[in-house]
Amino acid sequence: MDSIAEFRRRQGKLLVLTGAGISAESGVPTFRGQEGYWKVGSQDYHPMEMATHQAFAAMPEEVWAWYLYRRAVCLNAAPNAGHRAIASMEAHLQDRFLLVTQNVDGLHLRGGSSEERTFQIHGNIHYMRCDDGSPELTPIPEYFGADWAKGRALSAVERDTLSCPACPGLARPHVLWFDESYDEPLFRFESSLRAASESDLLLVIGTTGSTNLPLQIGEMFARRGCPIIVINPEPNPFTEFAASCAGGLFLEGTAGEHLPRLLGRLID
Ligand code: OAD
């Protein structure tokens with residue numbers, strides 16, 4: 001079965017799921033690649049420990065400084081052909097399109113994807129919020145720029161500018177940490193699963209499938225027998241889901257290589 005021809009004939013709904021791999025060609029490191037964020041530590045910590053609420057509670061300045069550095073990496077990066085191809089898919093398909101991204105880098109939005117149809121299920125590194133769980137987001141002050149170096153410490157004055165606008169406490173980065181759970185108000189958990197149950201074609205790009213919600217989305221498509229197309233330089237759990245359903249495809253290679261071509265086949 002040609003799942004793309006079928007998708008076009010039936011005017012189906014497309015769900016796109018992205019991970020760090022789509023931003024690799026923009027120069028943002030992945031997490032589990034050789035130079036990945038979870039691989040390159042320092043003498044003081046293992047980076048996965050920094051991505052916990054427990055670490056934030058114990059050493060908020062260090063955790064903030066590390067996120068300000070990761071945010072600077074994102075500010076120094078620009079959207080690539082893959083981000084732009086996905087934005088074009090949305091522009092053509094409109095309500096027949098939804099993007100679920102694990103990336104906190106904001107590059108999809110800068111590449112032309114709309115906030116309305118982009119569910120950032122792990123947050124957005126350019127925002128902060130109160131530590132009490134309320135969903136109001138505040139942009140990180142412009143003072144913190146693209147030149148924030150790795151390992152730079154936060155001064156007391158700088159710390160004060162990261163205070164919560166609603167209470168006397170320190171704000172926290174708007175990201176999902178390992179000791180936290182998905183929810184609807186902050187991370188669109190239920191909406192993402194609903195979209196997965198209502199879509200006809202799943203396109204998965206640049207992810208190892210190491211987190212729970214993306215895997216649930218893949219499983220849901222496989223259970224429903226709906227086609228999955230995977231773009232990745234190496235196989236992952238989604239390539240197995242894709243192989244299990246009629247019309248599934250594994251396009252081995254990079255996002256920049258395959259996405260513009262796939263755009264041409266989905267839309268003309
Ligand atoms: P990973 O680092 O686990 O995986 C990146 C994937 O991208 C791998 O499968 C690579 O093979 C692939 N890849 C590399 N370069 C690529 C390219 N140019 N084009 C396409 N694919 C490429 O990153 P994620 O799967 O996104 O969560 O990680 C998922 C989540 O785990 C992250 O959002 C983060 C992390 O813990 C949180 O922080 C909550």
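Counting only protein heavy atoms and a 1.4 Å probe, tell me what percentage of segment 92-134's accessible area is made up of carbon and sulfur.
The computed percentage sits at 44.
Can you find, among Tyr182, Val40, Pro214, the residue sitting farthest towards the positive end of the charge dipole of the chain, where Lys and Arg contribute +1 and Asp and Glu -1 at Cβ?
Result: Pro214.
May I ask you to give the percent of accessible area on segment 135-268 that is carbon plus sulfur, with a probe radius of 1.4 Å?
Reported share for carbon and sulfur atoms: 54 percent.
May I ask you to list the residues of segment 104-148 whose amide nitrogen lies under 14 Å from a point 7 Å from Cα along the Cα→beta-carbon direction of Gln216?
Backbone N within reach: 121-122.
Could you work out what % of the accessible surface of segment 1-90 is carbon and sulfur, using a 1.4 angstrom probe and leaving DNA, RNA and ligands out of the count?
Values: 1950 of 4050 Å².
Carbon with sulfur: 48 percent of the solvent-accessible area.
Report the Cα centroid-to-centroid distance between segment 201-268 and segment 133-147 in angstrom, as an integer.
33 Å
Quick one: accessible area per residue over segment 206-252, 1.4 Å probe, rounded to a whole number of Å²? All intermediate terms of the calculation are to be shown ahead of the outcome.
Values: 2020 Å² over 47 residues.
Accessible surface, normalised per residue, equals 43 Å².
Sort 209-217, 225-233 by the packing proxy (mean of other Cβ within 10 Å over each peptide's residues), most packed first.
Output ranking for 209-217, 225-233: 225-233, 209-217.
Output ³J(HN,Hα) for segment 99-107: one whole-Hz value per residue in order, computed from phi by the Karplus curve 6.51 cos²θ - 1.76 cosθ + 1.60 with θ = phi - 60°, and x for Gly and Pro.
Karplus-based 3J(HN,Hα) across segment 99-107 equals 10, 10, 10, 8, 7, 9, 6, x, 6 Hz.
Under a point-charge model restricted to the Cβ atoms of Lys and Arg (+1) and Asp and Glu (-1), what is the dipole moment magnitude of the chain relative to its Cα centre, in debye to the nearest 20?
With only Lys, Arg, Asp and Glu charged at Cβ, the dipole is about 700 debye.
How much accessible area per residue does segment 1-84 have, counting only protein heavy atoms and a probe of 1.4 Å, in square angstrom?
Value returned for segment 1-84: 47 Å² of accessible area per residue.
With label points built 7 Å along Cα→Cβ from the Cα atoms of His46 and Arg265, find their separation and express it in nm.
It is 4.1 nm.
Can you give the calculated 222 nm mean residue ellipticity of the chain, where each DSSP H run of n ≥ 4 adds -39,500 (n - 2.57) and the sum is split over every residue, rounded to the nearest 500 deg cm²/dmol?
Helix contribution divided over all residues of the chain: -11000 deg cm²/dmol.
The values are calculated or read from the model by the stated rules, or taken from the named source; none is laboratory data. Note that this is a predicted model, so its numbers are computed, not measured. Please note: Cβ atoms are built from the backbone with ideal geometry, for glycine as well, and neighbour counts cover all protein chains shown. Accessible surface is based on the protein model in full, side chains and every heavy atom, while ligands, DNA and RNA are left aside. Shrake-Rupley method; radii C 1.70, N 1.55, O 1.52, S 1.80 Å.
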